[in-house]
There are 2 protein chains.
Amino acid sequence: MTHVIGLRCVLCGREEPPESGRMVCARCGDDGTLDVEYDLGEARRALTRESLDADRDRSIWRYRALLPVSGGEARLPLRVGGTPLVPAERLARALGLGALHVKDDGRMPSASLKDRASAVAVALAAEAGARAVACASTGNAASSLATLSAAAGMRSVIFLPEAAPLAKLAQLLAHGADLVRVRAGYDTAFDLAARATVEHGFYPRNTGTNPYLSEGKKTVALEIAEDMRGHAPDRVYVGAGDGCIFGSLYKGFREMVAIGLLDRVPALVGVQAEGAAPLARAFVSGGRPEPIEPSTIADSISVGRPRDWAKALRAARASGGAIRTVADAEIIDAVRVLAREAGIFAEPAGAAGFAGLVADRREGRCPEGAAAVVIVTGSGLKDPGAVARFAAAPEPIAPETRAVETRLAELGLA
Amino acid sequence: MTHVIGLRCVLCGREEPPESGRMVCARCGDDGTLDVEYDLGEARRALTRESLDADRDRSIWRYRALLPVSGGEARLPLRVGGTPLVPAERLARALGLGALHVKDDGRMPSASLKDRASAVAVALAAEAGARAVACASTGNAASSLATLSAAAGMRSVIFLPEAAPLAKLAQLLAHGADLVRVRAGYDTAFDLAARATVEHGFYPRNTGTNPYLSEGKKTVALEIAEDMRGHAPDRVYVGAGDGCIFGSLYKGFREMVAIGLLDRVPALVGVQAEGAAPLARAFVSGGRPEPIEPSTIADSISVGRPRDWAKALRAARASGGAIRTVADAEIIDAVRVLAREAGIFAEPAGAAGFAGLVADRREGRCPEGAAAVVIVTGSGLKDPGAVARFAAAPEPIAPETRAVETRLAELGLA
């Protein structure tokens, strides 16, 4: 038994009964991503400060009254969620902020936030009796699905473009995903995956067409709200590619306000790379995003045709936030500063949110003294090569005391 | 204020007052690693099932009554500890075990168990007013120290042999560690580090000479005892190189028994690679370990001169456990099986404990129906190249429906 009462198109408002099995709006097609709606009165009774404090389950399933998954079969053995909200006091001072917290989703099972969505997908696939879950991705969505499917004893079918980053590919191979590697780019792999998924009855883990994935992703907002004991920060920053994580934040915070566990929805800022910024442009122009050919070093947000644009634009506008861009050099600098000043090593896309906060402070868009949260969406171990863009190993020295002393003097430590 | 009442040599039993500042036994020298002793009556009053259940701090600092660190300055901003104890039911059935849990320390801040020791080192260095913490390592101890030092705003001086694995080096560079890279192997780097550490008054993060590091590492046992609600498993397996983690397990479980939070100490099994097994040989022969030239693919346990041998041998004997070996091929197979059947991706050394359990079951050393825990000490993202030893990416197919159908048929999914 879930508290889901219906699905509603984010564009036209048309309702779909959950029994229909439809995943996008019958009227608007693929543009019409759906919102999952809950009986919030029931959720308010089930989720209270007291019930949450007493719940020893630290995973996303503690919020089951706001999730589309019923019963114990949803309890995957891996702990998805419960990642730390790390205070970064030195950075807050340096940036002139009243407070800064970093939500570190690099510490999820597969080292990215995507596990929140994969967990819901795998649980729903198990409930539906599907024999496999399918997705097209080179990156974190794929390695996340491979990880959680392996834990649940389910097969995962991954449609993979030819070029895939080493660490993420290693995760797919280690967990024994069923790989369909295609001599083509991401868009072609996506289309082939979509067709085969329907044809063979795989459960679809596709951002933009499966509305339940945002339900998993919104749990990052539920956790931030709970960890802040109901007092919302002023502003929350996160990288944005398809816009699914960013859009889900709004839904999560709004639901926590609705059930009385958060005082207000913070201003939400989605951060795109300059070379992959169709959402940021649409936020300014007011229209739909225009497809582009993306180019950025931040592979996880290198998206030219953002599939969750409607929810992303709503999140920025309804929260009084924005969608902005940063240069690749600013993203690299954000990786460096987060690692050195907060001890948190992010992959480039994972540090984009922090880069946006730094830029907003510089430009006066984020006021002095504000309380900010940045979400790190993936670990730096996913892309260790990125470090070469700002640091190099020093030349080895001779193995003798005098050379050591010279080196320590160079470092100001002698 | 800590509850530390003294230090005692594990070999000769000689006591050292904590005020002496000595880190090894005055009589036995470097062989005489010390045990840190606590007022267990005080610890029993401070740590109860009720007080732990009510404590919202999920890090190792929840056990401060059994740690050598006093006061709030110990509270590093990163959450060290609180890693999940994952039930692996399919693997338990396949191995004929009554229960199997995997303690996944790949989910620590720097993705290895070593953070437990680095956290205590950094906290003690801050209390002592040291300007830097130093260690010699190519691996997880170094990347852990770099991560936690950065978070605490302290400098870390890392003596690095010339050859260092990419992902671990990337962590050092990202977090801005002060690197002294030496054109030599580990042993020479260690000696140069030891001398410079004394000379310049750095705080030493050196396994075997600093008794407080095991105090950090033992928290993995405290967490297992707490998560099992006081009912010890029959057997606990972990990889062993220097023997520090393995030896610390015994101390942690024994203290939890002493304060009434665990019913008994489980049998502890340390697992070494065949090519780096001086502890396993000494366990059989009864003498001291003989130094060897180590050779194994599991870099984190590739140790030829184990520095914590006395505590490791005590752990095996006093718990009714053992120190055993496995072949590199068994370690690689353990990485594969853990990733595929439990969804947990370990680096080779991190999977050695599981390899030992599999071998013990095969040889009848672990009885059918036993309840076992294996500790994964580091994430597979630390060494993604290891996956190439058991899996390869499939050849890409043509980007067309017919080729996809052929591939799905090969996978048994058409």
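The values are calculated or read from the model by the stated rules, or taken from the named source; none is laboratory data. The structure displayed is predicted, hence computed values, not measured ones. No Cβ is skipped: glycine too gets one built from the backbone with ideal geometry, and neighbour counts run over all protein chains shown.
Tabulated results
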| quantity | calculated |
| --- | --- |
| Breaking point among (1) under 17 Å from the mean Cα position of the chain (by Cα); (2) at pLDDT 95 or above, for B:Arg307 | (2) |
| Search result, residues across the stretch B:126-151 that are aliphatic (A, V, I, L, M), in a helix (DSSP H, G or I) and surrounded by fewer than 24 Cβ atoms within 10 Å (Cβ to Cβ) | B:Ala126, B:Ala128 |
| Number of the condition not met by A:Ala393 [criteria: (1) farther than 19 Å from B:Lys168 by Cα; (2) in a loop (DSSP other than H, G, I, E, B); (3) facing chain B (nearest Cβ under 7 Å)] | (1) |
| Filter pass, B:Thr83 being within 26 Å of B:Ala312 (Cβ to Cβ) and part of a strand (DSSP E or B) | no |
| Qualifying residue in the stretch A:361-370 (condition: within 11 Å of chain B (Cβ to nearest Cβ), crowded, with 19+ Cβ neighbours inside 10 Å and either touching a residue at least 40 places away in the same chain (Cβ under 8 Å) or not small (Gly, Ala, Ser) (or both)) | no |
| Residue match in the stretch B:150-159 (condition: among the hydroxyl-bearing types (Ser, Thr, Tyr) and under 29 Å from A:Ala151 (Cα atoms)) | no |
| Qualifying residues in the stretch B:320-360 (those that are in contact with a Lys or Arg (Cβ under 6 Å, 6 or more places away or on another chain) and crowded, with 24+ Cβ neighbours inside 10 Å) - the one farthest from B:Tyr250 (Cα to Cα) | B:Glu347 |
| Given (1) hydrophobic (A, V, I, L, M, F, W, C); (2) assigned to a strand (DSSP E or B); (3) touching a residue at least 60 places away in the same chain (Cβ under 8 Å); (4) farther than 17 Å from A:Ser248 by Cα, index of the condition A:Val36 fails | (4) |
| Conditions (1) surrounded by 24 or more Cβ atoms within 10 Å (Cβ to Cβ); (2) within 18 Å of B:Ser156 (Cα to Cα); number of the one not met by B:Gly247 | (2) |
| Number of the condition not met by B:Thr406 [criteria: (1) β-branched (Val, Ile, Thr); (2) touching a residue at least 12 places away in the same chain (Cβ under 8 Å); (3) over 21 Å from A:Thr147 (Cβ atoms)] | (2) |
| All positions within the stretch B:275-295 that are under 20 Å from B:Thr377 (Cα atoms) and at pLDDT below 95 | B:Pro294, B:Ser295 |
| A:Leu173 being at the interface with chain B (Cβ under 8 Å from one of its Cβ atoms), surrounded by 24 or more Cβ atoms within 10 Å (Cβ to Cβ) and under 21 Å from B:Ala339 (Cβ atoms) | no |
| Count of residues meeting criterion [more than 8 Å from chain A (Cβ to nearest Cβ) and more than 17 Å from B:Leu213 (Cα to Cα)] in the stretch B:135-158 | 2 |
| Residues of the stretch B:51-105 classified as of a type in the set (D, E, K, R) and surrounded by fewer than 19 Cβ atoms within 10 Å (Cβ to Cβ), total | 10 |
| Any hit, the stretch B:289-304, residues being touching a Phe, Trp or Tyr at 6+ places or on another chain (Cβ under 9 Å) and either at positive phi or free of Cβ contacts under 8 Å to residues at least 24 places away in the same chain (or both) | yes |
| All positions within the stretch B:23-33 that are assigned to a loop (DSSP other than H, G, I, E, B) and either surrounded by fewer than 15 Cβ atoms within 10 Å (Cβ to Cβ) or over 27 Å from the mean Cα position of the chain (by Cα) (or both) | B:Ala26, B:Arg27 |
| Residue match in the stretch A:284-291 (condition: of a type in the set (A, V, I, L, M, F, W, C), in the same structural domain as A:Met228 (by TED's automatic domain parsing) and more than 16 Å from A:Ala351 (Cα to Cα)) | yes |
| Failed item in (1) in contact (Cβ under 8 Å) with a residue 40 or more places away in the chain; (2) on the phi > 0 side of the Ramachandran plot, with B:Leu47 passing the rest | (2) |
| Matching residues, the stretch A:254-272, being in contact with a strand residue (DSSP E or B) (Cβ under 8 Å, 6 or more places away or on another chain) and not hydrophobic (A, V, I, L, M, F, W, C) | A:Glu255, A:Pro266, A:Gly270, A:Gln272 |
| Qualifying position, being over 14 Å from the mean Cα position of the chain (by Cα), crowded, with 21+ Cβ neighbours inside 10 Å and of a type in the set (Lys, Arg), among A:Arg235, A:Arg229, A:Arg195, A:Arg183 | A:Arg235 |
| Of residues in the stretch B:397-414 being crowded, with 17+ Cβ neighbours inside 10 Å and assigned to a loop (DSSP other than H, G, I, E, B), the one nearest to the other protein chains (Cβ to nearest Cβ) | B:Pro399 |
| Criterion violated by B:Thr377 - all others in (1) at pLDDT below 95; (2) among the hydroxyl-bearing types (Ser, Thr, Tyr); (3) crowded, with 24+ Cβ neighbours inside 10 Å satisfied | (1) |
| Qualifying position, being hydrophobic (A, V, I, L, M, F, W, C), within 11 Å of chain B (Cβ to nearest Cβ) and either in contact (Cβ under 8 Å) with a residue 12 or more places away in the chain or part of a loop (DSSP other than H, G, I, E, B) (or both), among A:Leu76, A:Leu97 | A:Leu76 |
| Single residue of B:Glu363, B:Glu330, B:Glu368 found to be acidic (Asp, Glu) and within 19 Å of B:Pro233 (Cα to Cα) | B:Glu368 |
| Test for B:Val120: is it in contact with a Phe, Trp or Tyr (Cβ under 7 Å, 6 or more places away or on another chain) and either under 24 Å from A:Glu405 (Cα atoms) or within 11 Å of chain A (Cβ to nearest Cβ) (or both) | no |
| Residue within the stretch B:165-177 that is over 27 Å from B:Leu78 (Cα atoms) and among the hydrophobic types (A, V, I, L, M, F, W, C) present | no |
| Count of residues meeting criterion [modelled with pLDDT of 95 or more and of a type in the set (Ser, Thr, Tyr)] in the stretch B:114-141 | 1 |
| Hits in the stretch A:8-22 (condition: assigned to a helix (DSSP H, G or I) and among the small types (Gly, Ala, Ser)) | A:Ser20 |
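This table checks each residue for (1) under 21 Å from the mean Cα position of the chain (by Cα); (2) more than 23 Å from B:Thr209 (Cα to Cα).
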| position | (1), (2) |
| --- | --- |
| B:Ile259 | no, yes |
| B:Asp263 | no, yes |
| B:Glu290 | no, no |
| B:Ser295 | yes, yes |
